[in-house]
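K.L.:
Right, I'll just put the structure down here and ask away after.
The values are calculated or read from the model by the stated rules, or taken from the named source; none is laboratory data. As the structure is a prediction and not an experimental result, all values here were calculated from the model. Neighbour counts run over all protein chains shown; Cβ positions are idealised from the backbone, glycine included.
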Amino acid sequence: MLRTCELRHPKLTVMVRQSELFLPLRREDPRGEEFANAKLLLRGGYIDKLSSGVFTMLPLGFMVLRRIEQIVREGMERLHAQEFSMPALQTPAIWEETGRWATLPPEMFQFSDRSDRPVGLAMTHEEVIFDLVRRTVRSAHELPISLYQFQTKFRDEPRPKSGLIRGREFLMKDLYSFHASPEDLETYYRAVMDEYRTIFAQCGLEAIVVEASGGIFTKNPSHEFQIIASSGEDRIILCERGDFAQNSEIASAASPCPKCGGALREERSVEVGNTFRFYDKYANDMRGYVQGASGEKLPILLASYGIGIGRLMATIVEARHDEKGIVWPDRVAPFAVHLLVLGSHEGLFREAERLGNALQDKGIAVLYDDRVNVSAGEKLATADLLGMPQRVVVSSKTFASGKAELKRRDESEARLVATQEIIEIILLTTNTNHTNIRIAPSV
């Protein structure tokens, strides 16, 4: 059962003093990084790079991941999927049933343990979960079943150079659904696609559903959820009216749209999710069947659905940034408000404390820049870089008039607002409550 707790840092409080936050900021873009997500997340102290395609999630970055996880988890609950966890360490036996132990390398890490037995690190889990279901489900009446997990995957990417978009170690949500009939599989498949659109919209992104190949996973056509971005590694062909979209790898239409006759265009994009229909492939390869109502033997039908959580975080940055820094959407930002004190007078800090505590009491998560001996320009630049949705500035100039400066990160102009009105305005203009998140209980 899930439990509810407050979002705190590091002990899950909703107001954090910036002076106490582990936040290794950088003044300059890191060397060798070409993509906006890598530059801004590294500069803003959200992540740290250990090696090519391998990153540490620092406290702010981890908070963003948790926010995204929560959005995805809510979507999975609406689909009546059940959360669980599978091991990353794999042995060859079940993978050899599908032939993928031999075909997935070099993408799949494989090595030998101390007893010289072959083991691997999972880059996907279809074999593992299908083996589980075929051993435990006997009747078609027990289907459908849908199970999902958040787990670190490992993939020996040949080009891990685009920050979190293409990593060798990465967090993924993978969902698997099992069905007794093709009709039931199709119904659930469409429901997941609809839910994915909702999830990405809540993350501040407009996803385009694109027909694609099954890649290394299946010969059946798949669907990708692509975000248009100039830095994207994918290319998609899409209709100006929204009636048609294909990955350029399989695109056969040149012009016009085969569905409505509208003009087609090509765009660069980033894939943030995918869905695969395997039907009876795994039942045939791994001999997985259930008994039907009349005693007949029915294949267990499988579909899988993935969302790269770290990749989604990176794509949000690619799609939502400007020359100053990140522009987080409300539901993803680690804090709803960045509260700044510009000046050294003690009264300014007392007023900021009062305002921050009042916001906290209303369930608004606040990052409070209480640092001393830091210039106003540096504080404002840091706030723009970090990209919280709302910025509140308490300064000598505003304090004298009983006001504070309020500015949304996605707007160009700030406004002076009476301090007693700020809380009400923020509550009205913040699209989510930043107090509560739902997490799985400790194990």
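K.L.:
State which residue is surrounded by the most Cβ atoms within 10 Å (Cβ to Cβ) when the search covers only region 347-390 and only residues that are within 14 Å of VAL16 (Cα to Cα), over 30 Å from the mean Cα position of the chain (by Cα) and of a type in the set (A, V, I, L, M).
P.N.:
ALA352
K.L.:
To continue, here is another question. Kindly provide the set of residues from region 141-171 that are outside any loop (DSSP other than H, G, I, E, B) and of a type in the set (Lys, Arg), ordered by number.
P.N.:
LYS153
K.L.:
Another question, if that's okay. Which pairs do you get when a residue that is part of a loop (DSSP other than H, G, I, E, B), found in region 210-221, comes within reach of a residue that is modelled with pLDDT of 75 or more, reach meaning Cβ atoms under 6 angstrom, with the pair 6+ apart or on two chains?
P.N.:
So the pair list comes out as SER213/ILE250; GLY214/ASN220; GLY214/SER222; PHE217/PHE276; THR218/PHE276; THR218/PHE278; ASN220/ARG277; PRO221/GLU211.
K.L.:
Turning to a different aspect of this structure: What is the residue count in region 278-310 for residues that are farther than 17 Å from SER139 by Cβ and either in contact with a Pro (Cβ under 8 Å, 6 or more places away or on another chain) or not assigned by TED's automatic domain parsing to the domain that holds GLN151 (or both)?
P.N.:
Within region 278-310, residues that are farther than 17 Å from SER139 by Cβ and either in contact with a Pro (Cβ under 8 Å, 6 or more places away or on another chain) or not assigned by TED's automatic domain parsing to the domain that holds GLN151 (or both) number 3.
K.L.:
Scan region 257-315 for residues that are among the hydrophobic types (A, V, I, L, M, F, W, C), in a strand (DSSP E or B) and under 20 Å from the mean Cα position of the chain (by Cα) and report the count.
P.N.:
First, the residues of region 257-315 that are among the hydrophobic types (A, V, I, L, M, F, W, C): 257, 260, 263-264, 270, 272, 276, 278, 283, 286, 290, 293, 298, 300-303, 307, 309, 312-314.
So of that shortlist, the ones also in a strand (DSSP E or B) come out as 264, 270, 272, 276, 278, 290, 298, 301-303, 307.
The next check asks that each one be under 20 Å from the mean Cα position of the chain (by Cα); those that pass are 270, 272, 276, 307.
Residues meeting the conditions: 4.
K.L.:
Let me ask something additional. Considering only residues that are in contact with a Ser or Thr (Cβ under 9 Å, 6 or more places away or on another chain) and over 23 Å from SER304 (Cα atoms), look in region 220-232 and name the one that is modelled with the lowest pLDDT.
P.N.:
It comes out as SER231.
K.L.:
If you don't mind, there's one more thing I want to ask. Would you check if there is a residue in region 63-83 being under 17 Å from the mean Cα position of the chain (by Cα), part of a strand (DSSP E or B), within 27 Å of VAL192 (Cβ to Cβ) and in the same structural domain as ILE145 (by TED's automatic domain parsing)?
P.N.:
The answer is yes, given that some residue of region 63-83 is under 17 Å from the mean Cα position of the chain (by Cα), part of a strand (DSSP E or B), within 27 Å of VAL192 (Cβ to Cβ) and in the same structural domain as ILE145 (by TED's automatic domain parsing).
K.L.:
Where residues in region 120-140 are part of a helix (DSSP H, G or I) and touching a Lys or Arg at 6+ places or on another chain (Cβ under 8 Å), which of them is surrounded by the fewest Cβ atoms within 10 Å (Cβ to Cβ)?
P.N.:
Applying the filter and picking the extreme gives ARG134.
K.L.:
Can I ask one more? Among the numbered criteria (1) within 18 Å of LEU79 (Cβ to Cβ); (2) outside any strand (DSSP E or B), which single criterion is violated by ASP174?
P.N.:
Unmet for ASP174, out of (1) within 18 Å of LEU79 (Cβ to Cβ); (2) outside any strand (DSSP E or B): (2).
K.L.:
Next up: Restricting attention to region 223-235, does a residue exist that is under 29 Å from LEU298 (Cβ atoms) and either surrounded by 14 or more Cβ atoms within 10 Å (Cβ to Cβ) or touching a Lys or Arg at 6+ places or on another chain (Cβ under 8 Å) (or both)?
P.N.:
Yes, region 223-235 contains at least one residue that is under 29 Å from LEU298 (Cβ atoms) and either surrounded by 14 or more Cβ atoms within 10 Å (Cβ to Cβ) or touching a Lys or Arg at 6+ places or on another chain (Cβ under 8 Å) (or both).
K.L.:
For the structure I just gave you, tell me whether LEU25 is at pLDDT 95 or above, outside any helix (DSSP H, G or I) and surrounded by 12 or more Cβ atoms within 10 Å (Cβ to Cβ). Write out each step before concluding.
P.N.:
Numbers: at pLDDT 95 or above: yes; outside any helix (DSSP H, G or I): yes; surrounded by 12 or more Cβ atoms within 10 Å (Cβ to Cβ): yes.
When the stated conditions are applied, LEU25 passes them.
K.L.:
Pick from region 174-185 the residues that are closer than 21 Å to ALA293 by Cα and in contact (Cβ under 8 Å) with a residue 12 or more places away in the chain: which of them is surrounded by the most Cβ atoms within 10 Å (Cβ to Cβ)? Before the answer, list the steps.
P.N.:
Just the residues of region 174-185 that are closer than 21 Å to ALA293 by Cα, to begin with: 177-185.
So of that shortlist, the ones also in contact (Cβ under 8 Å) with a residue 12 or more places away in the chain come out as 177-182, 184-185.
Values: SER177: 24, PHE178: 26, HIS179: 24, ALA180: 22, SER181: 14, PRO182: 13, ASP184: 16, LEU185: 22.
Here the residue is PHE178.
K.L.:
How many residues, within region 151-167, are surrounded by 17 or more Cβ atoms within 10 Å (Cβ to Cβ) and either touching a helix residue (DSSP H, G or I) at 6+ places or on another chain (Cβ under 6 Å) or basic (Lys, Arg) (or both)?
P.N.:
6
K.L.:
Name the residue, out of GLU411, GLU405, GLU421, that is outside any helix (DSSP H, G or I) and at pLDDT below 95.
P.N.:
Step by step, each of GLU411, GLU405, GLU421 is checked, and only GLU411 is outside any helix (DSSP H, G or I) and at pLDDT below 95.
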